[in-house]
1. Working only within segment 54-73, note down all residues that are under 18 Å from residue 44 (Cα atoms), charged (D, E, K, R) and outside any loop (DSSP other than H, G, I, E, B).
2. How many residues are more than 18 Å from the chain's Cα centre (by Cα), under 23 Å from residue 35 (Cβ atoms) and among the aliphatic types (A, V, I, L, M) when one looks only at segment 49-85?
3. Given the conditions (1) modelled with pLDDT of 90 or more; (2) exposed (fewer than 15 other Cβ atoms within 10 Å of the Cβ); (3) out of contact with any strand residue (DSSP E or B) (no Cβ under 7 Å at 6 or more places or on another chain), which single one is not true for residue 50?
4. Conditions: (1) touching a helix residue (DSSP H, G or I) at 6+ places or on another chain (Cβ under 7 Å); (2) not in a helix (DSSP H, G or I); (3) not small (Gly, Ala, Ser). Residue 76 meets all but one. Number of the miss?
5. Taking segment 49-68, which residues are free of Cβ contacts under 8 Å to residues at least 12 places away in the same chain and within 19 Å of residue 79 (Cβ to Cβ)?
Amino acid sequence: MRSPLTQPLPLAGERSLIVAGLLLAMSSPAFADPLSGAALYGDVQRYDAFGPHRYGSPGAERALAWIAGELENAGLKVSSQRFSLARQYSKPRPCRSTARLAR
């Protein structure tokens, strides 16, 4: 029996097929760089699409749910805690919001 070092090399066609398969696999979204400029810009666009993000607003709730989902997909445990905010910016009206914490 031959050792792995003395095995014949694959034919040129087989090597091309192997390389093409590896390139195809590496180009899938699973291998995309999440910190690339395009990926980060996509995240900003998605965040912006939730609408205004004032505390307690539907846009803020959607954004928080999205961020929590992203953290959970990364394997983190996410919890939330409700709190009241006496005022936001210069408007003196009470607001309610959810803070999500990753652990």
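The values are calculated or read from the model by the stated rules, or taken from the named source; none is laboratory data. Please read these numbers as outputs of a predicted model, since none were measured by experiment. In this analysis, Cβ positions are derived from the backbone assuming ideal geometry, glycine residues included, and neighbour counts consider all displayed protein chains.
1. Those that are under 18 Å from residue 44 (Cα atoms), charged (D, E, K, R) and outside any loop (DSSP other than H, G, I, E, B): 61, 62, 70.
2. Qualifying residue count, segment 49-85: 0.
3. Every listed condition holds for residue 50 apart from (2).
4. The one condition residue 76 does not meet is (1).
5. Residue satisfying the conditions is 65 alone.
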